[in-house]
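Trainee: Questions regarding the structure given below will be posed in turn.
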Amino acid sequence: MSDDDGGFRFPHNIKLEVDPAKVDEALQAIREQVQDGLAAGRYTKVRISFRGKPIGPDIPLAVFLAGEGAAFWLTGGLATLLVNLGAKAVLDVAFIHEADELVQEGLSLYLDGEIEAAEAKYRQALDRRDDDPSALYNLGVLLRVSGRKAEAVAMLRAAAMGPEGHPDVRRAAEALSRMEG
């Protein structure tokens, strides 16, 4: 819009001073974090939802990041930031770990009475993320109800050592106290 019509005027006189050495350091740190995250398989997909309901299939993380990079390159940083902030006001973006999906599949199988298949899903989740408190807790419960108490205690102890505040960490500690006392 022009200055004459009283509408929005994009500021053309923004000054930004950046030390090139620090930019390189910051970019290298970001690269390392992304590589570490991908190597550890922390997040593999992105789910975009509107009011709690997914609006499409999950997007592979690499495709999502490539799209963000292309948008940044094509439109510039400020435009990309404004679009992302606007979309964030309406849409929810969640990073999904493959282990979380495997745990949910295992839980569905367990509830359907497919004990062996559920155990396999929980173990696959632990292959993806060996300290996943939900996979450890659910596998511990499955082992307990299938009569493998020693294995169940080991899994529940590992789950109880998870991050403070996680609901499955609390449940694992409660299950352990019931089993041992």
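The values are calculated or read from the model by the stated rules, or taken from the named source; none is laboratory data. No experiment lies behind these values; they were computed from the predicted model shown. In this analysis, Cβ positions are derived from the backbone assuming ideal geometry, glycine residues included, and neighbour counts consider all displayed protein chains.
Trainee: Out of the residues in the stretch 117-137 that are among the small types (G, A, S) and touching a helix residue (DSSP H, G or I) at 6+ places or on another chain (Cβ under 7 Å), state the one that is surrounded by the most Cβ atoms within 10 Å (Cβ to Cβ).
Mentor: Among those that are among the small types (G, A, S) and touching a helix residue (DSSP H, G or I) at 6+ places or on another chain (Cβ under 7 Å), it is A135.
Trainee: Hey, could you check the stretch 138-154 for residues that are within 12 Å of R171 (Cα to Cα) and more than 21 Å from the chain's Cα centre (by Cα) and say which is surrounded by the most Cβ atoms within 10 Å (Cβ to Cβ)?
Mentor: G140
Trainee: Please determine, by comparing only the residues of the stretch 90-142 that are assigned to a strand (DSSP E or B) and β-branched (V, I, T), which one is nearest to S49 (Cα to Cα).
Mentor: Here the answer is V93.
Trainee: Show the residue pairs that are 6+ apart or on different chains and have beta-carbon atoms under 7 Å apart, the first residue being within the stretch 145-173 and assigned by TED's automatic domain parsing to the domain that holds L111, the second being basic (K, R) and not in a loop (DSSP other than H, G, I, E, B).
Mentor: That search, which allows pairs on different chains as well, returns A152/R144.
Trainee: Now for a different question. Being in a loop (DSSP other than H, G, I, E, B) and of a type outside the set (A, V, I, L, M, F, W, C) is the filter here; which residues of the stretch 146-174 pass it?
Mentor: S146, G147, R148, G162, P163, E164, G165, H166, listed by residue number.
Trainee: Then there is this: Exactly one of these conditions fails for S177: (1) outside any helix (DSSP H, G or I); (2) over 23 Å from the mean Cα position of the chain (by Cα); (3) at negative phi. Give me its number.
Mentor: (1)
Trainee: State the number of residues belonging to the stretch 106-123 that are in contact with an Asp or Glu (Cβ under 9 Å, 6 or more places away or on another chain) and touching a residue at least 24 places away in the same chain (Cβ under 8 Å).
Mentor: 3
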